[in-house]
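Trainee: One structure, pasted below without further comment.
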Amino acid sequence: MASGTAEVQVRPGAEADLEALTDIYNHYVRETAITFDTQTFTAPQRRPWLSSYRKDGPHRLLVAQERTTSGRILGYVTSSAFRPKPAYSTSVEVTVYCAPGAGGRGIGTLLYKALFEALEGEDLHRAYAGVALPNEASVRLHASFGFEHVGTYREVGRKFGRYWDVAHYEKALGAGS
């Protein structure tokens, strides 16, 4: 396991995490092209997002939390519906976000490992991820979990006055993989 992860627990996300999760996400909205949202959110605005995840099933939210008195949330990972149509139900889109200052500690690896272990018993066939480029750390993380590059949308999003490419990755899941 990566250095520094022994003091971290991974658990399902909860209502009490909403403010911290919103703060983490808003950092990426304000400072990066990792998400193509351009306006920050309040915690109440993000409540429907939080409520869309369950402790079991294919759509999950897990958080990495320090095992200290502060209990700071260091990041989170989600598996969400890939597309809304029923035939896509065995596919999920996954994403991981680390809190500012928590990068390079193995938090993303810890979260993905926990997520894919939690999803092992689910009726899932594929996981998909999109990575706004450039983002070498995310490309390496996905490769380390067996994701394969399946294509790139060129200049698909405009943020901060420029266009960004998004690389798409897929990973086989479940017994049929």
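The values are calculated or read from the model by the stated rules, or taken from the named source; none is laboratory data. Source: prediction; values computed, not measured. Methodologically, a virtual Cβ is constructed for each residue, glycine included, from the backbone with ideal geometry; neighbour enumeration extends over all protein chains shown.
Trainee: Can you say whether Thr152 is out of contact with any Phe, Trp or Tyr (no Cβ under 7 Å at 6 or more places or on another chain) and under 20 Å from Leu61 (Cβ atoms), as far as the supplied structure shows?
Mentor: no
Trainee: Hey, another quick one. For the range 1-119, which fully contained helices (runs of 4 or more DSSP H) count at least 1 residues that are touching a His at 6+ places or on another chain (Cβ under 9 Å) and within 20 Å of Ser138 (Cβ to Cβ)?
Mentor: Numbers: elements: 18-31, 43-51, 107-118.
Because the criterion is at least 1 residues that are touching a His at 6+ places or on another chain (Cβ under 9 Å) and within 20 Å of Ser138 (Cβ to Cβ), the helices (runs of 4 or more DSSP H) in the range 1-119 that meet it are 107-118.
Trainee: OK, next. So in the range 88-105, with the set limited to residues that are surrounded by fewer than 19 Cβ atoms within 10 Å (Cβ to Cβ) and not β-branched (Val, Ile, Thr), which one is farthest from Thr152 (Cα to Cα)?
Mentor: Applying the filter and picking the extreme gives Gly101.
Trainee: So, one more: Can you tell me which residue is nearest to the chain's Cα centre (by Cα) among those in the range 55-91 that are over 13 Å from Leu119 (Cβ atoms) and of a type in the set (A, V, I, L, M)?
Mentor: Taking the candidates together, the pick is Val63.
Trainee: Looking only at the range 69-87, filter to residues that are among the hydroxyl-bearing types (Ser, Thr, Tyr) and surrounded by fewer than 19 Cβ atoms within 10 Å (Cβ to Cβ); which one of those is nearest to Ala16 (Cα to Cα)?
Mentor: Going through the qualifying residues, I end up with Ser70.
Trainee: Check Val63, Val77, Val94, Val166 and return the single one that is at pLDDT 95 or above and out of contact with any helix residue (DSSP H, G or I) (no Cβ under 8 Å at 6 or more places or on another chain).
Mentor: Numbers: Val63 fails: out of contact with any helix residue (DSSP H, G or I) (no Cβ under 8 Å at 6 or more places or on another chain); Val77 fails: out of contact with any helix residue (DSSP H, G or I) (no Cβ under 8 Å at 6 or more places or on another chain); Val94 fails: out of contact with any helix residue (DSSP H, G or I) (no Cβ under 8 Å at 6 or more places or on another chain).
Exactly one residue qualifies, and that residue is Val166.
Trainee: Let me ask something else. With the checklist (1) touching a Ser or Thr at 6+ places or on another chain (Cβ under 9 Å); (2) closer than 20 Å to Thr22 by Cα in hand, flag the one item Leu133 doesn't pass.
Mentor: With respect to (1) touching a Ser or Thr at 6+ places or on another chain (Cβ under 9 Å); (2) closer than 20 Å to Thr22 by Cα, Leu133 is out only on (2).
Trainee: Ok, one more. Take the residues in the range 6-54 that are more than 27 Å from Val156 (Cβ to Cβ) and small (Gly, Ala, Ser), then tell me which one is farthest from the chain's Cα centre (by Cα).
Mentor: Only one residue fits best here, namely Ala6.
Trainee: Within the range 5-23, is there a residue that is under 20 Å from Pro100 (Cα atoms), β-branched (Val, Ile, Thr) and without any contact (Cβ under 8 Å) to a residue 40 or more places away in the chain?
Mentor: yes
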